[in-house]
Amino acid sequence: MKKPSSRIREEIAKLQEQLKHAETREAERIGRVALRAGLGEIEIEEVDLQAAFEELAKRFRADQPGPNRRKGTGEGSAGSGQSETVASGAASGITPEA
């Protein structure tokens, strides 16, 4: 049975809200770790911090094989939506050393 478009829109809206909450939890978690590492006390431009996080994410992704990746291939980059969320958390201090 096919779903009416209004039902699909409702499901999309619920999923978008779930995504928003999940990103907020992730950003808060990373922010707490960064603060404990002392990054909140360091003056650094947000773009530089985001670049460092993207490099860190790439390093960790290279160590985790995915369905289309072999371990250690070094493929993958930070998604723009997630990077923006992380960078927002970066204002509260996120560090590559974390």
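Computed from the coordinates by the stated procedures, all read-outs in this text should not be read as laboratory data. Just so it is clear, the structure is predicted and the values come from calculations on it, not from any experiment. Cβ placement follows ideal geometry from the backbone for every residue including glycine, while neighbour counts extend to all protein chains displayed.
Quick look at the numbers
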| quantity | calculated |
| --- | --- |
| Relative packing of 13-26, 42-55, which averages over residues the other C-beta atoms within 10 Å, highest first | 42-55, 13-26 |
| Cβ-derived FRET efficiency at R0 30 Å, ILE12 paired with ALA62, nearest 0.05 | 0.35 |
| Label-point gap, in nm, between GLU45 and LYS3 - each point 7 angstrom along Cα→Cβ | 4.4 |
| Local electrostatic count at GLU28 - Lys and Arg +1, Asp and Glu -1, tallied over other residues with Cβ under 14 Å | +3 |
| Calculated from backbone phi, Karplus (6.51, -1.76, 1.60) coupling profile of region 11-21 in Hz, x at Gly/Pro | 5, 4, 4, 5, 5, 5, 5, 4, 4, 4, 5 |
